[in-house]
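Peer 1: One structure, pasted below without further comment.
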Amino acid sequence: MGVIDNNRSLSLSPFATRIAVISSSTAAGYGDFASQLANNDYGFAFSTRLFPAVMQGEQVEQSIIGALNDVFDHIDDFDAVVIIRGGGSNADLSGFDTLELAENVANFPIPVITGIGHERDKTVLDEVACVSVKTPTAVAAYLIDNLSRTLARIDSAAEAISAATMHTLERERLRLARLEQYFLSVFSVKKAHLLSRLQAYEQHIQSAARHQILVQRNVIDGHQRTILHRAASCIARERSRLDLLEQRINSANPLNILQRGYSLVMHNGKVITDPKQVKSKDDLTIVLHKGVIDAIVK
């Protein structure tokens, strides 16, 4: 179909920190992945969002496709998609070899990174993904390394600017020394003029170098603030959702209903909703908010 290389041809952003994760929420591999990202040696702050999916059995294909569709609905919020799972048998990998799933991943508009196999296994999904590694922890390491390479390039650029500045200054000093020797006896005024130009050039280069370093630092600081803000917003949103669920649970608690004066009438452990369910002299238990009453039908 000519699409097998589509996702592999995408490039992962050098500042990729917003990650959509497709995995089972109970999978050990997901826990290892999240822990390694959160506790990386560089202190990088990643923003992850889990899109739960079935990672073994007959539902793997449609479950992952559904999760990819959910990610696509929020595509601007993410830099990459990660598909990971914990261990499992070789037979469990068959769900990752289907044509429809491969088409969805190959045509996905942002890079897809997989970590679903073992050391000796490779699935069709691995073949069409932008990046394929063996385990969830290896995926986390890849994302951390991607940012560390970016940091190294920024540091290298700062060093290169500084080295270029020093090299330029040294070259200009040598040129000036030669000119000074040649024209010392004749062009004393020219000497003073060249010294003035050299100082201005040196200040300009140093100013430009400081400016470039400051610009790169501001870019990094901006990404860090954005990541921290998004993480705080996500936590606040989830806390509000939990508070709402707690209120719903409390409102449906049978004990709260009994507290308002209602009671349960039971016979032989079953709730009575119709007088026809009992007969004269049957034993009843009436459950109240603060206790029970034993009664007999008259």
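Peer 1: Is the range 105-116 home to any residue that is modelled with pLDDT under 90 and over 27 Å from Asp76 (Cα atoms)?
Peer 2: The initial filter retains those residues of the range 105-116 that are modelled with pLDDT under 90, namely 116.
Then drop every residue that is not over 27 Å from Asp76 (Cα atoms), which leaves none.
No - not one qualifying residue is present in the range 105-116.
Peer 1: Please find, within the range 229-263, the residue that is farthest from Ala38 (Cα to Cα) out of those that are aliphatic (A, V, I, L, M) and open to solvent by 100 Å² or more (accessible area, probe 1.4 Å).
Peer 2: Leu255
Peer 1: Test Ala164 against the stated conditions and say whether it is modelled with pLDDT of 90 or more and within 17 Å of the chain's Cα centre (by Cα).
Peer 2: No: the conditions fail for Ala164.
Peer 1: Still on this structure: Hey, among Ile4, Ile75, Ile83, which residue is surrounded by 15 or more Cβ atoms within 10 Å (Cβ to Cβ) and at pLDDT 90 or above?
Peer 2: Unique residue meeting the criteria: Ile83.
Peer 1: Look at Val54 and say whether it is open to solvent by less than 60 Å² (accessible area, probe 1.4 Å), in a loop (DSSP other than H, G, I, E, B), free of Cβ contacts under 8 Å to residues at least 40 places away in the same chain and of a type in the set (A, V, I, L, M).
Peer 2: yes
Peer 1: Of the numbered conditions (1) of a type in the set (Gly, Ala, Ser); (2) under 21 Å from Arg230 (Cα atoms); (3) open to solvent by 60 Å² or more (accessible area, probe 1.4 Å), Ser94 satisfies every one except a single condition; which is it?
Peer 2: Here Ser94 clears every test but (2).
Peer 1: Could you give me the residue pairs with C-beta distances under 6 Å whose first residue belongs to the range 274-298 and is modelled with pLDDT under 90, whose second residue is open to solvent by less than 100 Å² (accessible area, probe 1.4 Å) wherever it lies, and which are 6+ apart or on separate chains?
Peer 2: Cβ pairs passing all conditions: His289/Leu258.
Peer 1: Any residue in the range 169-185 that is among the charged types (D, E, K, R) sitting within a Cβ distance under 6 Å of a residue that is open to solvent by less than 90 Å² (accessible area, probe 1.4 Å)? List the pairs, counting only those 6 or more apart or interchain.
Peer 2: Note: pairs meeting the criteria are Glu172/Leu198; Glu180/Lys191.
Peer 1: Name the single residue that is surrounded by the fewest Cβ atoms within 10 Å (Cβ to Cβ) among those in the range 264-282 being over 14 Å from Val297 (Cβ atoms) and not hydrophobic (A, V, I, L, M, F, W, C).
Peer 2: Gly269
Peer 1: Write out, first by first residue and then by second, each pair whose Cβ atoms fall under 7 Å of each other, whose residues are 6+ apart or on separate chains, and whose first residue, in the range 91-104, is touching a residue at least 12 places away in the same chain (Cβ under 8 Å) and more than 17 Å from Cys130 (Cα to Cα) while the second is open to solvent by less than 60 Å² (accessible area, probe 1.4 Å) and among the hydroxyl-bearing types (Ser, Thr, Tyr).
Peer 2: Once the first residue is touching a residue at least 12 places away in the same chain (Cβ under 8 Å) and more than 17 Å from Cys130 (Cα to Cα) and sits in the range 91-104, its partners that are open to solvent by less than 60 Å² (accessible area, probe 1.4 Å) and among the hydroxyl-bearing types (Ser, Thr, Tyr) give Leu93/Thr123.
Peer 1: I'd like the residue in the range 7-27 that is open to solvent by 20 Å² or more (accessible area, probe 1.4 Å) and in contact with a Phe, Trp or Tyr (Cβ under 8 Å, 6 or more places away or on another chain) and, out of all such residues, is modelled with the highest pLDDT.
Peer 2: Out of the qualifying residues, it is Arg18.
Peer 1: Further, regarding this structure: I'd like the residue in the range 124-179 that is hydroxyl-bearing (Ser, Thr, Tyr) and part of a helix (DSSP H, G or I) and, out of all such residues, is surrounded by the fewest Cβ atoms within 10 Å (Cβ to Cβ).
Peer 2: By that ranking, first place goes to Ser156.
Peer 1: While we're looking at this one, here's another question. Sort through Tyr30, Tyr42 and tell me the only one that's open to solvent by 20 Å² or more (accessible area, probe 1.4 Å) and in a loop (DSSP other than H, G, I, E, B).
Peer 2: Result of the check over Tyr30, Tyr42: Tyr42.
The values are calculated or read from the model by the stated rules, or taken from the named source; none is laboratory data. If you're wondering where the values come from, they're calculated on a predicted model, not measured in any experiment. Cβ: placed from backbone, ideal geometry, glycine included. Neighbour counts: every protein chain shown. Surface areas here come from the heavy atoms of the whole protein model, side chains and all, with no ligands, DNA or RNA. Shrake-Rupley method; radii C 1.70, N 1.55, O 1.52, S 1.80 Å.
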